[in-house]
Amino acid sequence: MVATVSKTVAGNFERTESEWMNAQEYCVGGLSTVMALWGALVAVPPAQAEAIAALPPPVRIELDYTPDRSPAPNHNAYALGRSADYLPVYTPQADRIVLRLGERRVYVYDNDQVLDSFPVAIGAPGTPTPTGEFEIFQMVEDPVWQSPWTGEIFEAGANSALGLRWIGFAEMSNGIIGFHGTPTVSSIGQAASNGCVRLRNEDVLALFSYVQIGMVVAVEP
């Protein structure tokens, strides 16, 4: 029984090996046929090959272009915006005025930071600008000036004795002391006024933009 089975298995093996060899020959023959057909398809006629060989070499063109390789923004990263978008931005704001008579200069302060300063004319020796600490209580645009000697009223404007702005800060027995513009720019830097503080018109406009009613004015010697 065992011998019969072995002979049958061997016979099956021999038939399978023969069939495998036939299959190999068939595949090789088929592949050769396919390759021959492909060579016929891609063959270039001699005249066309000569024309291709005569073509000039390809030209490389440099383009002035740099691709943007920056990462695409992630719009979901800050769905509610960045934290800085909700923080208040600090803007310097004047909190006091310091007039230094010896320097003939007025300073605008925000705490200890000087925001601006302007040259001035101060009171003459006979009519000095008072020293001390005061508060602004008058702010007038295009002030009208009345002469204290004649009572005459003069039209407002850049050529008026008070210039384009008036900032009153001290009330004295002989009148109100304040900052104001002047057309007499030659007096700037001098002790020449009746006690008030003169500035160029462009400077008094800038000073006016810094101050407000109630702001402290410190007048130092």
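The values are calculated or read from the model by the stated rules, or taken from the named source; none is laboratory data. In this text the structure is predicted, and so the values were computed from the model without any measurement. Cβ: placed from backbone, ideal geometry, glycine included. Neighbour counts: every protein chain shown.
What to note about this one:
- Test result for ILE167, under 20 Å from VAL98 (Cα atoms) and of a type in the set (Val, Ile, Thr): yes
- Filter pass, ASP110 being under 35 Å from the mean Cα position of the chain (by Cα), of a type in the set (D, E, K, R) and surrounded by 13 or more Cβ atoms within 10 Å (Cβ to Cβ): yes
- With a requirement of 1 or more residues that are of a type outside the set (A, V, I, L, M) and closer than 25 Å to GLN93 by Cα, the strands (runs of 3 or more DSSP E) lying completely within the stretch 136-221 that satisfy it span 138-141, 165-172, 175-182, 197-200, 216-220.
- Residues of the stretch 123-157 that turn out to be at positive phi and either in contact (Cβ under 8 Å) with a residue 60 or more places away in the chain or surrounded by 13 or more Cβ atoms within 10 Å (Cβ to Cβ) (or both), as a count: 3
- Considering PHE179, PHE169, the condition of being in contact with an Asp or Glu (Cβ under 8 Å, 6 or more places away or on another chain), at pLDDT 95 or above and among the aromatic types (Phe, Trp, Tyr) is satisfied by PHE169 alone.
- Test: residue in the stretch 104-117 that is touching a Phe, Trp or Tyr at 6+ places or on another chain (Cβ under 6 Å) and more than 20 Å from MET215 (Cα to Cα): no
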